[in-house]
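*Asks:* Quick one: this structure, given as structure tokens, is what I'll be asking you about.
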Amino acid sequence: QVQLVESGGGLVQPGGSLRLSCAASGSIFAINVMGWYRQAPGKERELVARIDNNRFTNYVDSVKGRFTISRDNAKNTVYLQMNSLKPEDTAVYYCNAVLRLRSNSDYKLYWGQGTQVTVSS
């Protein structure tokens, strides 16, 4: 059984910063790619940032230069450092991971339940 638990969301003023964390727990054999998605009301869920097992990263254009994704493999945790936040960053942020459990032979996709980020003055 796998759980992905996000933390670090909240209310912040424009120009402020937040750091989101997502810790994966369970009998995990290995984690491949990890990522952050977000969904604002009335909009489709979009990829924000992704980091693979070689620590190569990619970002949606709207957050390049402001957000940084990283991972700590020893803690099975992915982070999203968000700086210079804008009101349009307001959304529910979801983490995901492609991972393999010790009891399985294949990799599967798992999602966290999301954490609210609100950027408002």
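*Asks:* If I take every Cα pair under 8 Å that is 6 or more residues apart in segment 26-77, average their sequence separation and divide by the length, what percent do I get for the relative contact order?
*Replies:* 26 percent
*Asks:* Dipole of the chain, Cα-centred, from +1 at each Lys and Arg C-beta and -1 at each Asp and Glu C-beta, to the nearest 20 debye?
*Replies:* The calculation lands at about 220 debye.
*Asks:* Now, a different point. Under 18 Å between alpha carbons, and skipping anything fewer than 8 positions from Lys43 in its own chain: which aspartates and glutamates qualify?
*Replies:* Output for Lys43: Asp61, Glu88, Asp89.
*Asks:* Between beta-carbons, use under 9 Å as the cut-off and find the net charge around Phe29, counting Lys and Arg +1, Asp and Glu -1.
*Replies:* Result for the local shell: +2.
*Asks:* Per residue, how large is the accessible surface of the chain? Use a 1.4 angstrom probe and give square angstrom.
*Replies:* I get 55 Å² per residue for the chain.
*Asks:* What are the ³J(HN,Hα) couplings of segment 71-87, residue after residue, when phi is run through the Karplus curve with 6.51, -1.76, 1.60 and θ = phi - 60°? Round to Hz, x for glycine and proline.
*Replies:* Calculated HN-Hα couplings, in order: 9, 10, 5, 5, 9, 6, 10, 10, 10, 9, 7, 10, 10, 6, 5, 10, x Hz.
*Asks:* Along the charge dipole of the chain, which of Gly8, Met34, Leu101 sits closest to the positive end, that is, farthest toward it, with unit charges on the beta carbon of Lys, Arg, Asp and Glu (+1, +1, -1, -1)?
*Replies:* Towards the positive end, the residue furthest out is Leu101.
*Asks:* What are the ³J(HN,Hα) values, in whole Hz, obtained from phi via the Karplus relation 6.51 cos²θ - 1.76 cosθ + 1.60 with θ = phi - 60°, for each residue of segment 107-121 in sequence order, with x given for Gly and Pro?
*Replies:* 8, 9, 9, 10, 10, x, 8, x, 9, 7, 10, 10, 10, 7, 8
*Asks:* Evaluate the relative contact order of segment 2-121 (contact order divided by residue number), counting alpha-carbon pairs under 8 angstrom at least 6 apart; express in whole percent.
*Replies:* Relative contact order comes out at 37 percent.
*Asks:* For segment 11-24, take each phi angle, set θ = phi - 60°, evaluate the Karplus expression 6.51 cos²θ - 1.76 cosθ + 1.60, and give the result in whole Hz per residue in order, putting x for glycine and proline.
*Replies:* After applying 6.51 cos²θ - 1.76 cosθ + 1.60, I find 9, 9, 7, x, x, x, 9, 9, 10, 8, 10, 9, 9, 9 Hz.
The values are calculated or read from the model by the stated rules, or taken from the named source; none is laboratory data. Please read all numbers here as calculations on a predicted model, not as lab measurements. Note: ideal-geometry Cβ built from the backbone for every residue, glycine included; neighbour counts use all protein chains shown. The area values use the complete protein model at the heavy-atom level, side chains included, leaving out ligands, DNA and RNA. Shrake-Rupley method; radii C 1.70, N 1.55, O 1.52, S 1.80 Å.
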